[in-house]
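*Asks:* Below: one structure in structure tokens.
None of the figures in this text is laboratory data; all of them are computed from the coordinates on show. Worth saying up front: this structure is predicted, and the values here are computed from it rather than measured. Here the Cβ is made from the backbone with ideal geometry for all residues, glycine too, and neighbour counts use every protein chain on show.
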Amino acid sequence: MRILAATNNQDKLIEFHRILEPLGISLVTPSDLDIEIQVPETGETFKENARIKAQAFHRESGLPCVADDSGLCVDALDGRPGVDTANYCGEDATYPERMSALLEELKDVPPERRTAKFVSVICCVMDEETVFYSEGVCEGSIGIAPAGEGGFGYDPIFVVGGKTMAERSAEDKDMLSHRGKSLRAFAKLLEEQI
Ligand code: IMP
């Protein structure tokens, strides 16, 4: 069965392939099919946004589609940036700018109160009637300064078990990460579907 990864985010695509291929699920990408759509994330929850993305790519391709909506929820900021993580600090900001802004917001917050979690919700649209979801959460905290070269996005300031995600190997990140957990749960649900 061909399943389309419903994302234009190249960093997510790398993780989708890396996590799902060893589980026997190989995905096609929008560029494999010459699909170029931008899907506005107008939902108020990770679940709504994941569904909006999966459904939009399904309508375009006619294929089963799997989408991820994810974000960083910081306890000291009452769960922000949450669903708005992608646009935190403005649509066109770079990741170094976004991380600086977050560190600035937290500058007076002591280490023990810098707890945060990364959430990933996966939505798979098989056809108009068959839609299922999985979720993964990774608990951690926000560091004092960026560290490490791996991963992407906010990984240099997201600390889990004493190291940032950017200081970990890809295998290590996938074992611990929100997306590793949500995609492994997705793989199990898919097996039950087919
Ligand atoms: P969205 O799912 O397209 O709404 O975007 C999620 C936002 O969270 C983007 O800014 C991503 O860069 C960020 N993000 C999602 N997953 C990760 C991750 O594994 N590491 C670092 N940043 C992430």
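*Asks:* Going by C-beta contacts inside 10 Å, put ARG113, ARG179 in order with the fewest on the left. Display every interim value, and only then the final one.
*Replies:* Numbers: ARG113 13, ARG179 23.
Exposure proxy ranking, most exposed first: ARG113, ARG179.
*Asks:* While we're looking at this one, here's another question. How long are the semi-axes of the equivalent ellipsoid of the chain, defined as square roots of 5 times the Cα gyration tensor eigenvalues? Whole Å, largest first. Don't skip to the answer; put the middle values down first.
*Replies:* Details: eigenvalues 171, 61, 43 Å².
Over the Cα atoms of the chain, the semi-axes work out to 29, 17, 15 Å.
*Asks:* In addition: If the limit is 28 Å between Cα atoms, which of LYS107/LYS181; LYS12/LYS117; LYS53/LYS163 go over it? If you can, show how the numbers build up before the last one.
*Replies:* Details: LYS107/LYS181 30 Å; LYS12/LYS117 18 Å; LYS53/LYS163 32 Å.
Those over the limit are LYS107/LYS181; LYS53/LYS163.
*Asks:* Placing +1 on the Cβ of each Lys and Arg and -1 on the Cβ of each Asp and Glu in the chain, which of VAL39, ALA166, LEU176 has its Cα farthest towards the positive end of the resulting dipole?
*Replies:* Positive-most Cα among the choices belongs to LEU176.
*Asks:* What 222 nm value per residue comes from the helices of the chain, counting each DSSP H run with n ≥ 4 as -39,500 (n - 2.57) and dividing by all residues, nearest 500 deg cm²/dmol?
*Replies:* Values: 5 runs with 61 residues, N = 194.
Calculated from helices alone, the mean residue ellipticity at 222 nm is -10000 deg cm²/dmol.
*Asks:* Size of the dipole of the chain about the Cα centre, Lys and Arg at +1 and Asp and Glu at -1 on the beta carbon, nothing else charged, in debye to 20? All intermediate terms of the calculation are to be shown ahead of the outcome.
*Replies:* On the way: 20 positive and 35 negative charges, 98 e Å.
So the dipole magnitude of the chain works out to roughly 480 debye.
*Asks:* How tilted is helix 10-20 with respect to the longest principal axis of the chain? Cα atoms for both, answer in degrees (0 to 90, nearest 10).
*Replies:* Tilt relative to the chain: about 70 degrees.
*Asks:* Mind pulling the angle between the C-alpha long axis of helix 178-193 and the longest principal axis of the chain? Nearest 10 degrees, somewhere in 0 to 90.
*Replies:* The angle comes out at about 20 degrees.
*Asks:* How big is the dipole moment of segment 4-94 about its Cα centre under a simple scheme where the beta carbon of each Lys and Arg is +1, that of each Asp and Glu is -1, and everything else is neutral? Debye, nearest 20, please. Could the numbers behind the result be given before it?
*Replies:* Numbers: 7 positive and 17 negative charges, 61 e Å.
I would put it at about 300 debye.
*Asks:* Counting only DSSP beta bridges with both residues in the chain, tell me the antiparallel percent, nearest 5.
*Replies:* Numbers: 26 of 30 bridges.
Roughly 85 percent of the beta bridges in the chain run antiparallel, per DSSP.
*Asks:* How much length is gained if the chain between VAL131 and LYS107 is pulled fully straight, taking 0.36 nm per residue apart and subtracting their Cα-Cα distance, in nm to one decimal?
*Replies:* Working: separation 24, 0.36 × 24 = 8.64 nm, distance 4.19 nm.
Fully extending the segment from VAL131 to LYS107 adds 4.5 nm.
*Asks:* Full-extension gain between GLU48 and ILE194, please, as 0.36 nm times their residue separation minus the C-alpha to C-alpha distance.
*Replies:* Working: separation 146, 0.36 × 146 = 52.56 nm, distance 2.44 nm.
Full-extension gain reported as 50.1 nm.
*Asks:* Here's another thing I want to ask about it. Note the angle between two axes, namely the Cα long axis of helix 46-61 and the longest principal axis of the Cα atoms of the chain, as a number of degrees from 0 to 90, rounded to the nearest 10.
*Replies:* Once rounded, one gets 40 degrees.
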